[in-house]
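These notes concern the structure reproduced below.
The values are calculated or read from the model by the stated rules, or taken from the named source; none is laboratory data. None of the values given here were measured: they were computed from a predicted structure. Here the Cβ positions follow ideal geometry from the backbone for every residue, glycine too, while neighbour counts run over all protein chains shown.
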Amino acid sequence: MPEPNPALIELEVATPERELVREPVSEIQIPALEGYLGVLPGHAPLVSLLGSGALSYTAAGKKTYLAIQGGFLEVLPDRVRVLADVAERGTAIDLAQARAQLAEAQAQAQLPNAEPDACLAAVALAEARIAAASSS
C-alpha cells in the first residue's frame, strides 16, 4: 500500500444514487449551509450541513467544479466526505439549459400560490449549476 501524501487529502463526493468523486486533492472549496468552507490537508475535524453552490477542488494541478445542493459534510484531517442530495459535474451541465431553469424558477417564485422554500431551493440549484458550468 502506498504511503499517504501529507500534502493531499482524500475527497469523496456521493449522492444517494452514485459516487461522483473519490480522489486525492490538494484543496477543496465547499458550499456549507452558512457559507463557503475552504479545506486543506490536516484540517480540523468538523461536520456541517451543505448549502447550494459550486464545490471546487484541485487534483493534480487541475481545478474541477461540481454543482451541489443539500446534504452533509464530514471533514477529517486526511479525508473529506460530501454526502449531497444533488451533485453534478460542471462539465456535464448544459449552461443554456441551466439558465432557462433559473428563469423558470424565478418565474415560479412570482406566482401567488408559490411555495417559498421550494422556489428558493429551485433558484439556488439553478444558480449552483450555472456557477459550476461557467467555471468548468
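Here are the numbers for the structure shown:
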read-out: Residue in segment 56-67 that is modelled with pLDDT of 95 or more, assigned to a loop (DSSP other than H, G, I, E, B) and not assigned by TED's automatic domain parsing to the domain that holds Ala118 present; value: no
read-out: Number of the condition not met by Ala132 [criteria: (1) without any contact (Cβ under 8 Å) to a residue 40 or more places away in the chain; (2) part of a helix (DSSP H, G or I); (3) among the aliphatic types (A, V, I, L, M)]; value: (1)
read-out: Tally of residues being over 16 Å from the mean Cα position of the chain (by Cα) and either buried (at least 20 other Cβ atoms within 10 Å of the Cβ) or hydroxyl-bearing (Ser, Thr, Tyr) (or both) across segment 1-40; value: 2
read-out: Hey, Ala121 touching a strand residue (DSSP E or B) at 6+ places or on another chain (Cβ under 9 Å), farther than 26 Å from Ile9 by Cα, modelled with pLDDT under 95 and of a type in the set (Gly, Ala, Ser) or not; value: yes
read-out: Residue that is surrounded by the most Cβ atoms within 10 Å (Cβ to Cβ), among those in segment 86-114 that are in a strand (DSSP E or B) and in contact with a helix residue (DSSP H, G or I) (Cβ under 8 Å, 6 or more places away or on another chain); value: Glu88
read-out: Among the residues listed as Ile30, Ile9, Ile93, the single one being in contact (Cβ under 8 Å) with a residue 60 or more places away in the chain, among the aliphatic types (A, V, I, L, M) and closer than 22 Å to Ala132 by Cα; value: Ile9
read-out: Filter pass, Ala14 being hydrophobic (A, V, I, L, M, F, W, C), touching a Lys or Arg at 6+ places or on another chain (Cβ under 6 Å) and within 26 Å of Ala126 (Cα to Cα); value: no
read-out: Failed condition for Leu83, given (1) part of a loop (DSSP other than H, G, I, E, B); (2) under 20 Å from Arg22 (Cβ atoms); value: (1)
